[in-house]
Amino acid sequence: MITPEEIEYRAAQVEEENYAFRTYLKMHADPAKLDQQFLELHKELFSSYDCNGCRRCCKKYHGEIKKADVEKIAASLEMEPDRFISEYLVENEEDTYKTKNAPCDFLQSDGSCLIGENRPDSCKAFPYTDCPDRMGSLLSIVQNASVCPVVFEILERLKKEYHFDKYNSYYSDNQGNPYVRIKKKIFPNDPCPCGSGIKYKKCCGKK
């Protein structure tokens with residue numbers, strides 16, 4: 001599993017691959033099977049992952065709070081609802097507010113949430129990789145791969161299950177026949193695609 005500190009760099013390296021993989025899944029994957037694959041990987045990876053040591057989702061995204069839940073959350077902080085709204089929330093859609101700031105004001109230094117189990121359902125459910133209809137949410141999943149290390153890892157595992165060769169940049173079926181090729185010009189000062197972190201001209205380009 002990659003660390004929270006390296007995810008943005010690593011995700012940028014495979015961003016084009018991930019978008020092409022999304023296209024491939026929409027064309028070739030069975031939706032029910034894909035949901036099951038996501039669910040199994042979600043359970044496996046989150047069973048041993050310490051989200052409190054990461055919380056990039058809390059640092060990057062705004063939470064969405066239902067208006068019906070404001071009074072309960074404010075009471076848990078011993079605040080009047082109007083003051084709670086004024087300090088922490090802004091209007092969003094008709095029945096919701098969103099948190100004012102990112103990183104979230106409720107994020108504590110130890111990775112816990114100030115409002116605990118009263119936190120929004122959207123926060124509890126993130127990154128939604130155990131929810132049904134993942135086929136219809138592949139775009140947000142690819143985007144979340146630059147935020148959540150578990151999402152990044154799920155996509156990498158799925159590429160292997162679908163026989164995606166990330167080094168030669170093509171998808172293949174079970175017989176090794178390519179479906180989609182990705183061609184991208186690599187410039188001398190670009191990061192080397194081998195993942196070394198060194199410029200291409202000083203790594204594989206030198207060879």
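Every number in this text was worked out from the coordinates using simple rules, so none of it is lab data. No experiment lies behind these values; they were computed from the predicted model shown. When we count neighbours, we look across all protein chains shown, and the Cβ atoms used for this are built from the backbone with ideal geometry, even at glycine.
When the alpha-carbon atoms of the chain are used, the pair Rg, Dmax equals 20.2, 66 angstrom. Distance between the C-alpha centres of segment 20-36 and segment 43-92: 32 Å, rounded to the whole angstrom. Helix 31-46 axis versus longest C-alpha principal axis of the chain: approximately 70°, rounded to the nearest ten.
One decimal place: the segment MET79-GLU5 gains 23.1 nm when fully extended, by the rule 0.36 nm per residue minus the C-alpha distance. Taking the fewest neighbouring Cβ atoms within 10 Å as the starting point, the ordered list for SER137, SER146 is SER137, SER146. Projected onto their three principal axes, the Cα atoms of segment 62-125 cover extents of 32, 23, 19 Å, largest first.
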